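Visitor: Before anything else, here's the structure in question.
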Amino acid sequence: MKVSGFTFVRNAVQYDYPVVEAITSILPLCDEFIVALGNSTDSTRELIQSIDSPKIKIIDTIWDDALREGGQTFAIETNKAFENISPDADWAFYIQADEVVHEKYHENIRLAMNKYKDDKKVEGLLFNYIHFYGSYDYLGDAYRWYRREVRIIKNDKSIASYKDAQGFRKKPNIKINVKLIDAYVYHYGWVRDPRKMQGKRRSFNHFYFDDEWIEKNVGEAESFDYSEIDALRRFEGTHPIVMQPRIEAMNWQFDHDISRNNLKPKDKLKRIIEKWTGWRMGEFRNYKII
């Protein structure tokens, strides 16, 4: 079985993306790793090279900064990386620059890839998600956080990144058949120095909205205000080993009263229904579980 990892990244140093942690968290499961390196203005290349692994191959890309609709640029860059994996790879393991897989799930992931490698009905593997917010101690606990997404796909070029690269579909727009596996992706996209977070938001939203929207909704504040959040809960588990140095170096303070809940009435109703039935009402599924 051959597994190719892949990701895309640009200006990871400037916006403090944990891309090294992301890559190294799944590197033991991969035979190669393709990094689509966008035209950065910082030392992202040197950061990736610091991993110092013969598995890693960097391909240089140019982002279309004029494409400002729906985050399509992120899917385009994802596909550039996917297109460069080895033709003889069985699986393609995708990780975004702010996602990390805990090493305790490696064996489950490896077993699932072996189990379904030759099953033509299975086109991808579905991961559970937890989303950190503000610091490494809190998790998003509202329905705007997606709870599952596909991160491993068969090496089938009829599959492509979908919309803003959250997941994958078969061309032209067909949901892929997946198996849900016992593994989690830890999403750290909303945990960074508030000043870095504000800069990241401006850069990220550039690929969705025009300048007028950004000025109105992001503004010129120097730091991001983490206090405006609907619902959080405490994280009770352990972080991946690769994240420990970053966690120890955290240089800002964020505390939150988890009893303070600003969920909308419809979300409170959803929570009651899910508690009693196990069904998450209105959940967007970018896949078909088989």
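The values are calculated or read from the model by the stated rules, or taken from the named source; none is laboratory data. All of these numbers come straight from a predicted model, not from anything done at the bench. For neighbour counting, all protein chains shown are included, and Cβ atoms are generated from backbone atoms with ideal geometry for every residue, glycine included.
Visitor: Would you pick out the residues in the range 251-283 that are exposed (fewer than 12 other Cβ atoms within 10 Å of the Cβ) and β-branched (Val, Ile, Thr)?
Guide: Within the range 251-283, Ile272, Thr277 meet the criteria.
Visitor: Picking from Tyr184, Tyr188, Tyr208, which residue would you name as being of a type in the set (Ser, Thr, Tyr), out of contact with any strand residue (DSSP E or B) (no Cβ under 8 Å at 6 or more places or on another chain) and in contact (Cβ under 8 Å) with a residue 24 or more places away in the chain? Break it down stepwise before answering.
Guide: Working: Tyr184 fails: out of contact with any strand residue (DSSP E or B) (no Cβ under 8 Å at 6 or more places or on another chain); Tyr188 fails: out of contact with any strand residue (DSSP E or B) (no Cβ under 8 Å at 6 or more places or on another chain).
Going through Tyr184, Tyr188, Tyr208 in turn, the sole match is Tyr208.
Visitor: Another one. Can you spot a residue in the range 265-278 that is closer than 27 Å to Val100 by Cβ, in a loop (DSSP other than H, G, I, E, B) and either in contact with a helix residue (DSSP H, G or I) (Cβ under 6 Å, 6 or more places away or on another chain) or not small (Gly, Ala, Ser) (or both)?
Guide: The answer is no; no qualifying residue exists.
Visitor: If you scan the range 103-120, which residues turn out to be more than 24 Å from Tyr146 (Cβ to Cβ) and either surrounded by 22 or more Cβ atoms within 10 Å (Cβ to Cβ) or not hydrophobic (A, V, I, L, M, F, W, C) (or both)?
Guide: Kept after step one, since they are more than 24 Å from Tyr146 (Cβ to Cβ), are these residues of the range 103-120: 107, 110-111, 114-115, 117-120.
Correct list: Glu107, Arg110, Asn114, Lys115, Lys117, Asp118, Asp119, Lys120.
Visitor: Looking at the range 125-176 only, could you name the residues that are outside any strand (DSSP E or B), of a type in the set (Gly, Ala, Ser) and surrounded by 17 or more Cβ atoms within 10 Å (Cβ to Cβ)?
Guide: Filtering the range 125-176 for residues outside any strand (DSSP E or B) gives 134-137, 141-147, 155-158, 163-166, 171-173, 176.
Restricting the remaining residues to those that are of a type in the set (Gly, Ala, Ser) gives 134-135, 142, 158, 165.
Listed by number, the residues that qualify are Gly134, Ser135, Ala142, Ala165.
Visitor: Among the candidates Glu215, Glu228, which residue alone is out of contact with any strand residue (DSSP E or B) (no Cβ under 9 Å at 6 or more places or on another chain), charged (D, E, K, R), in a helix (DSSP H, G or I) and exposed (fewer than 14 other Cβ atoms within 10 Å of the Cβ)? Full working, then the answer.
Guide: Values: Glu228 fails: in a helix (DSSP H, G or I).
Result: Glu215 is the single residue among Glu215, Glu228 that is out of contact with any strand residue (DSSP E or B) (no Cβ under 9 Å at 6 or more places or on another chain), charged (D, E, K, R), in a helix (DSSP H, G or I) and exposed (fewer than 14 other Cβ atoms within 10 Å of the Cβ).
Visitor: Still on this structure, I have one more. Which condition from (1) closer than 29 Å to Lys170 by Cβ; (2) surrounded by fewer than 21 Cβ atoms within 10 Å (Cβ to Cβ); (3) touching a Gly at 6+ places or on another chain (Cβ under 9 Å) is the one that Ile26 breaks?
Guide: (2)
Visitor: Residues Ala97, Ala92: which one is in contact (Cβ under 8 Å) with a residue 60 or more places away in the chain, in contact with a strand residue (DSSP E or B) (Cβ under 7 Å, 6 or more places away or on another chain) and closer than 16 Å to Ser158 by Cα? I'd like the intermediate steps shown before the answer.
Guide: Details: Ala97 fails: closer than 16 Å to Ser158 by Cα.
Selected residue: Ala92, the only one of Ala97, Ala92 that is in contact (Cβ under 8 Å) with a residue 60 or more places away in the chain, in contact with a strand residue (DSSP E or B) (Cβ under 7 Å, 6 or more places away or on another chain) and closer than 16 Å to Ser158 by Cα.
Visitor: Would you confirm whether or not the range 17-26 contains a residue that is closer than 21 Å to Tyr186 by Cα and among the acidic types (Asp, Glu)? Steps first, please.
Guide: Residues of the range 17-26 closer than 21 Å to Tyr186 by Cα: 17-26.
Those left that are additionally among the acidic types (Asp, Glu): 21.
So far as the range 17-26 goes, yes, one or more of its residues are closer than 21 Å to Tyr186 by Cα and among the acidic types (Asp, Glu).
Visitor: Which condition number does Asp16 fail, the rest of (1) touching a strand residue (DSSP E or B) at 6+ places or on another chain (Cβ under 6 Å); (2) crowded, with 17+ Cβ neighbours inside 10 Å; (3) of a type in the set (Asp, Glu) being met?
Guide: (1)
Visitor: Scan (1) at negative phi; (2) modelled with pLDDT under 85 for the single condition Gly219 breaks and write down its number.
Guide: Among (1) at negative phi; (2) modelled with pLDDT under 85, the lone unmet condition for Gly219 is (1).
Visitor: Among the residues of the range 86-102, which ones are more than 21 Å from Glu21 (Cβ to Cβ) and surrounded by fewer than 24 Cβ atoms within 10 Å (Cβ to Cβ)? Let's see the steps before the verdict.
Guide: Of the residues in the range 86-102, the ones more than 21 Å from Glu21 (Cβ to Cβ) are 86-91.
Within the range 86-102, Ser86, Pro87, Asp88, Ala89, Asp90 meet the criteria.
Visitor: Counting just the residues of the range 243-290 that are closer than 19 Å to Asp193 by Cβ and of a type in the set (A, V, I, L, M), which one comes out nearest to the chain's Cα centre (by Cα)? It would help to see each step written out before you state the result.
Guide: Step one: of the range 243-290, the residues closer than 19 Å to Asp193 by Cβ are 243-256.
Right, trim to of a type in the set (A, V, I, L, M) and you get 243, 247, 249-250.
On the way: Met243: 15, Ile247: 18, Ala249: 22, Met250: 21 Å.
Selected residue: Met243.
Visitor: In the range 231-247, what residues are surrounded by 12 or more Cβ atoms within 10 Å (Cβ to Cβ) and outside any strand (DSSP E or B)?
Guide: Residues satisfying the conditions are Ala231, Phe235, His239, Pro240, Ile241, Val242, Met243, Gln244, Arg246, Ile247.
Visitor: Which of the residues belonging to the range 54-85 are surrounded by fewer than 16 Cβ atoms within 10 Å (Cβ to Cβ) and under 21 Å from Ala183 (Cβ atoms)?
Guide: Listed by number, the list holds a single entry, Lys55.
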